[in-house]
Amino acid sequence: MPLFKSPTPGVVIFGTSILSMVDGMGAFKNNALNILEENGIKNIKPNGLYSQQKFLNSLKVIYEKLGDVTIKVIGMKIPEKVQLPPSIESTEQVLNSIDRIYSMNHKGGECGSYKFTKTGKDEGIMVVDTPYPCSFDMGLIEAFMNKFREDGSITFIKHFSEECRMKGASTCEYKVKW
Ligand SMILES: [Zn+2]
């Protein structure tokens, strides 16, 4: 799936995710709000719905200006405000649910996927096919895992596939351990 391009025109996302992005900009919140407004998103309300493409356009500007580290921090902020179904109680369950959580937060059509396969007791592979940048998704997955991290365990995510969406591949694969 091409990066920064909504696969279906008309896909919308909830304001909560956009506000998490603004939060992720820390001291540069006003920059984030300006960039969003320049791309047609303003007066953001948590339950409002906004064009995914406009959000992706804003993320692209931030990526080009501030780079991967900022994009990863923004990705890490997203899970903070996401409402998780109460049935999710473990890292493995949350990894299996990111795809559904993602679909619940995007409406209006096909918008990519997060496919998790368990490969060992506390490890697996996540294959991601979304229009969001690689570092954003790595931050997002890591933060979802951290929500259920047990004392003494370490959350680990590493780019596993040689191919990367940032270099034109259709998916990125990540190795995860917890
Ligand atoms: Zn990648």
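We did not get these values from a lab; they are worked out from the coordinates using the rules stated. If you're wondering where the values come from, they're calculated on a predicted model, not measured in any experiment. When we count neighbours, we look across all protein chains shown, and the Cβ atoms used for this are built from the backbone with ideal geometry, even at glycine.
Which of rounded, prolate, oblate describes region 1-89, given a ≥ b ≥ c as roots of the alpha-carbon gyration tensor eigenvalues and a/c under 1.5 marking rounded, otherwise prolate only if a/b is larger than b/c?
rounded
Starting from region 1-49, pick out the trypsin sites (Lys or Arg not before Pro) whose DSSP state is loop and whose Cβ has at most 15 other Cβ atoms within 10 Å.
Those that pass, being in a loop and sparsely packed, are Lys5, Lys42.
Taking a ≥ b ≥ c as the square roots of the Cα gyration tensor eigenvalues, with a/c under 1.5 meaning rounded and otherwise prolate when a/b beats b/c, else oblate, which class fits region 91-177?
In terms of gyration-tensor shape, oblate.
With a cut-off of at most 12 other beta carbons within 10 Å, and DSSP calling the residue loop, which trypsin sites (Lys or Arg not before Pro) in region 104-133 qualify? Please list them.
Lys121
Mean separation of Cα pairs under 8 Å and 6+ residues apart, divided by the residue count of the chain: what relative contact order is that in percent?
The normalised contact order for the chain reaches 27 percent.
If I build a Gaussian network model for the chain, linking alpha-carbon pairs within less than 10 angstrom, which residue out of Phe144, Phe14, Phe28 has the largest mean-square fluctuation?
Phe28
Counting other C-beta atoms within 10 Å, which of Asp23, Asp151 has the fewest, and how do the rest follow?
Asp151, Asp23
Which lysines have a Cα less than 28 Å from the Cα of Lys45, not counting those fewer than 8 places away in the same chain?
Output for Lys45: Lys5, Lys29, Lys54, Lys60, Lys65, Lys72, Lys77, Lys81, Lys107, Lys147.
Let me know the charge dipole size of the chain about its Cα centre in debye, to the nearest 20, where only the beta-carbon of Lys, Arg (+1) and Asp, Glu (-1) is charged.
My answer is approximately 360 debye.
Over the chain, with a Gaussian network built from C-alpha contacts below 10 Å, which listed residue (Thr130, Thr70, Thr117) shows the highest mean-square fluctuation?
Looking only at Thr130, Thr70, Thr117, the biggest GNM fluctuation is shown by Thr117.
Within the chain, which is the longest segment containing none of the GluC sites (Glu not before Pro) that sit in a DSSP loop and have at most 16 other Cβ atoms within 10 Å?
That would be 1-88.
For Cα pairs less than 8 Å apart in space and 6+ apart in sequence, what is the mean separation divided by the residue count of region 1-54, i.e. the relative contact order in percent?
About 54 percent, as a whole number.
Please report the base-10 log of the normalised intensity I(q)/I(0) for the chain, using a Debye sum with one equal scatterer per alpha carbon and no solvent, at each q in 0.11, 0.18 (1/Å).
Reported log10 I(q)/I(0), two decimals: -0.43, -1.21.
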